[in-house]
């Protein structure tokens with residue numbers, strides 16, 4: 001009985017001693033791991049560090065449970081891993097961070113090299129005298145005087161628009177209307193007609209001015225429609241150029257009462273005369289006569305014929321010298 | 001009746017094996033996801049820890065140490081998730097992507 005007790009006590013002592021030894025080994029491994037961590041082992045030897053840490057944790061758990069055999073087995077794995085991690089971490093230690101020389105403080109110059117009254121620190125052109133408005137830079141030249149300075153003028157010797165980088169707008173038909181505004185860029189035309197050639201709407205005959213486009217009025221009224229202004233403008237020019245007296249004749253179709261038609265044709269002839277006077281024709285040269293439906297030029301039985309009969313004619317009465 | 005039997009069996013035997021297995025499966029899936037995102041390259045430390053803890057969890061489960069196994073599996077899952085996050089932070093593939101990768105992608 002006594003022998004058994006002695007044997008049990010011996011076993012306990014051995015177990016305690018073994019546990020103590022394992023804890024010491026575990027502490028040593030933990031110290032290695034700490035050292036490796038300090039040397040950046042997580043980046044340099046992640047596998048080794050992980051193996052060491054995990055097995056150390058497992059060993060400590062086993063020791064807490066009193067299982068020193070399994071703890072030793074884990075420490076067998078942890079110890080070399082920790083040493084490897086430490087060794088690798090030492091070889092790939094963090095790169096020494098070179099302390100850069102502090103940059104010298106900027107020296108503020110109070111000199112004025114070009115003598116333009118603006119210190120060099122504020123002078124955008126420190127070597128060339130310039131005005132304070134241009135921060136010390138000279139006024140830029142503008143050889144073609146188009147308001148676009150030569151540094152940004154793509155045509156510095158030809159005046160041009162600012163929107164076109166100082167170059168003139170192209171004008172293919174050379175009619176003075178730039179292509180961008182010219183509705184007929186390949187045919188010369190006046191600016192009034194947006195660069196398009198004037199359409200000839202009249203022909204001056206010996207005894208009359210022939211219209212290629214009839215003058216239009218509001219229905220049953222003596223109000224000229226705006227689409228007839230061009231043709232009347234040309235008539236006015238022709239009258240002035242020819243220097244003749246003109247009889248403005250108003251005609252209608254046969255629709256409606258004869259008296260009414262006569263009255264309407266007279267009113268329309270008067271309206272045309274008034275317009276021509278507004279355009280600069282002398283009133284004394286013009287005479288307005290309404291003929292009503294008396295002088296048809298086509299059959300009133302058809303719509304087309306009636307349209308032709310509703311007209312204004314310009315007859316030359318005499319030539320003035 | 002069957003439900004009562006299951007509950008009774010659970011009470012008698014304890015749910016340790018079930019919960020440990022579930023925790024190990026979760027950790028395993030998290031690790032697969034992390035590996036699919038190339039965590040072994042960009043988060044080697046966390047991935048290695050996850051692998052070791054998961055292996056240890058399985059070992060403890062083998063010894064019927066279910067509590068310890070569950071705890072280790074949880075740790076393994078935490079490390080696997082950390083690895084995935086690290087990869088995602090580096091601008092790698094999102095960790096939630098399918099683990100299936102072609103040879104070209106792995107290059």
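Run down A:57, A:25 and say which single residue is facing chain B (nearest Cβ under 10 Å) and over 60 Å from the mean Cα position of the chain (by Cα). Matching residue, one of A:57, A:25: A:57. The residue list A:239, A:215 contains one member that is part of a helix (DSSP H, G or I) and closer than 24 Å to residue A:283 by Cβ, which is A:239. Of all residues in the range A:34-63, those that are farther than 25 Å from residue B:58 by Cα and assigned to a helix (DSSP H, G or I) total 9.
Residues of the range A:266-301 that are out of contact with any helix residue (DSSP H, G or I) (no Cβ under 9 Å at 6 or more places or on another chain) and not in a helix (DSSP H, G or I): A:301 alone.
If I filter the range A:64-71 for residues that are modelled with pLDDT of 85 or more, within 14 Å of another protein chain (Cβ to nearest Cβ) and crowded, with 19+ Cβ neighbours inside 10 Å, do I get at least one hit? The answer is yes; a qualifying residue exists.
The residues of the range A:228-253 that are surrounded by 15 or more Cβ atoms within 10 Å (Cβ to Cβ) and over 55 Å from the mean Cα position of the chain (by Cα), listed by number, are A:244, A:245, A:246, A:247, A:248, A:249, A:250, A:251, A:252, A:253.
Annotation: of all residues in the range A:1-32 being farther than 22 Å from residue A:69 by Cα and assigned to a helix (DSSP H, G or I), the one that is modelled with the lowest pLDDT is A:2.
Among (1) without any contact (Cβ under 8 Å) to a residue 60 or more places away in the chain; (2) out of contact with any strand residue (DSSP E or B) (no Cβ under 6 Å at 6 or more places or on another chain); (3) surrounded by 12 or more Cβ atoms within 10 Å (Cβ to Cβ), where does residue A:202 come up short? Single failed check for residue A:202: (2). Collect the residues in the range B:57-90 that are under 15 Å from residue B:24 (Cβ atoms), at pLDDT below 90 and either under 10 Å from the mean Cα position of the chain (by Cα) or part of a loop (DSSP other than H, G, I, E, B) (or both), keeping them in residue-number order. Within the range B:57-90, B:63, B:64, B:65 qualify.
May I ask you to list the residues in the range A:51-63 that are touching a residue at least 12 places away in the same chain (Cβ under 8 Å) and surrounded by fewer than 23 Cβ atoms within 10 Å (Cβ to Cβ)? Result: A:51, A:60, A:62, A:63.
Looking at the range A:36-50, is at least one residue surrounded by fewer than 19 Cβ atoms within 10 Å (Cβ to Cβ) and more than 14 Å from chain B (Cβ to nearest Cβ)? Yes: the range A:36-50 contains one or more residues that are surrounded by fewer than 19 Cβ atoms within 10 Å (Cβ to Cβ) and more than 14 Å from chain B (Cβ to nearest Cβ). The set of residues from the range B:36-56 being outside any helix (DSSP H, G or I) and within 9 Å of chain A (Cβ to nearest Cβ) comprises just one member, B:43. Using the structure shown, decide if residue A:317 is part of a helix (DSSP H, G or I) and over 57 Å from the mean Cα position of the chain (by Cα). In short, no.
The values are calculated or read from the model by the stated rules, or taken from the named source; none is laboratory data. Predicted model, so just to flag it, every value in this text is computed and none were measured. Here Cβ is always computed from backbone atoms with ideal geometry, including for glycine, and neighbour counts include all displayed protein chains.
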